[in-house]
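**Q** The structure that follows is given in the form of structure tokens.
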Amino acid sequence: MSKEELRQVIHDRRAGLDPAWRSEQSAMAQARLLALPAVISAVVVGLYVALPGEVEMSDLEAALMSTGRGICVPAFDPARGGYALALVSVDTNYIEAPFGLREPEDPVWADPATLGCVVVPGVAFDEAGRRIGHGGGHYDRMLAETSAVKIGVAFDFQVFEEVPGEAHDVTMDIIITPTRALAGQNSCRELI
């Protein structure tokens, strides 16, 4: 199956998700994320603001903020001509941005060198850590700037044995679903 075909299959599946199921499954995935050593030890964590149909991050964000961790989310940086991670706090105001995203109104850019880990959404992942996004390459360019642990997160139906990849695709170190934690980088062993 091509990337475009996979995107369509997953888009259709996510469009029909029951909100209560999505909330329950998101809570399970966030609990797995909170138990990961990479998240536990990170002083600054990159998260995302979920689009409809994606695993929610609001509980994880609140839990990490309550422990004083730095949190950042993607926002468009006109100076870079692309996306970067912006620091957020409980007082951050968000605005509606292109593609249905919500971004910090007045971004304060995070130093990629300070990130311990980055939690990354995706349309589909495979057991080796390959990721298919929405097709713009925004996350690949942003993730190429950091050596942080890259953690893909998805619902179980978004993880396949193998997905197509290209040389510029950034591979995830870990894949988290509501029921599994998999080591990426060509290893399909379960972590937790």
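**Q** When you go through 102, 80, 69 one by one, which is the residue that is exposed (fewer than 13 other Cβ atoms within 10 Å of the Cβ), within 23 Å of residue 146 (Cα to Cα) and either out of contact with any helix residue (DSSP H, G or I) (no Cβ under 6 Å at 6 or more places or on another chain) or of a type outside the set (D, E, K, R) (or both)? Break it down stepwise before answering.
**A** Details: 102 fails: exposed (fewer than 13 other Cβ atoms within 10 Å of the Cβ); 69 fails: exposed (fewer than 13 other Cβ atoms within 10 Å of the Cβ).
Within the list 102, 80, 69, the selection yields 80.
Here is a yes/no grid of residues against (1) in contact with a helix residue (DSSP H, G or I) (Cβ under 9 Å, 6 or more places away or on another chain); (2) surrounded by 15 or more Cβ atoms within 10 Å (Cβ to Cβ):
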| residue | (1), (2) |
| --- | --- |
| 93 | no, no |
| 107 | no, yes |
| 114 | no, yes |
| 118 | yes, yes |
| 123 | yes, yes |
| 135 | yes, no |
| 167 | no, no |
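**Q** With under 24 Å from residue 27 (Cα atoms) and assigned to a loop (DSSP other than H, G, I, E, B) as the only criterion, which of 79, 50 stands out?
**A** On the way: 79 fails: under 24 Å from residue 27 (Cα atoms).
That would be 50, the only listed residue that is under 24 Å from residue 27 (Cα atoms) and assigned to a loop (DSSP other than H, G, I, E, B).
**Q** A further question follows. Go through (1) without any contact (Cβ under 8 Å) to a residue 40 or more places away in the chain; (2) within 24 Å of residue 141 (Cβ to Cβ); (3) aromatic (Phe, Trp, Tyr) for residue 83 and report which single condition fails.
**A** (1)
**Q** Please specify each residue of segment 141-178 satisfying the condition of being under 17 Å from residue 35 (Cβ atoms) and either touching a Leu at 6+ places or on another chain (Cβ under 6 Å) or modelled with pLDDT under 90 (or both).
**A** 175, 176 - these are the residues of segment 141-178 that are under 17 Å from residue 35 (Cβ atoms) and either touching a Leu at 6+ places or on another chain (Cβ under 6 Å) or modelled with pLDDT under 90 (or both).
**Q** If a residue must be among the acidic types (Asp, Glu) and under 19 Å from residue 38 (Cα atoms), how many such residues does segment 101-140 contain? Can you show your working first?
**A** The initial filter retains those residues of segment 101-140 that are among the acidic types (Asp, Glu), namely 103, 105-106, 111, 126-127, 140.
From what's left, under 19 Å from residue 38 (Cα atoms): 111, 127.
Matching residues across segment 101-140 total 2.
The values are calculated or read from the model by the stated rules, or taken from the named source; none is laboratory data. Just so you know, these numbers come straight off a predicted model, no measurement behind them. Don't worry about glycine lacking a Cβ; one is built from the backbone with ideal geometry, like all the others, and counts go over all protein chains shown.
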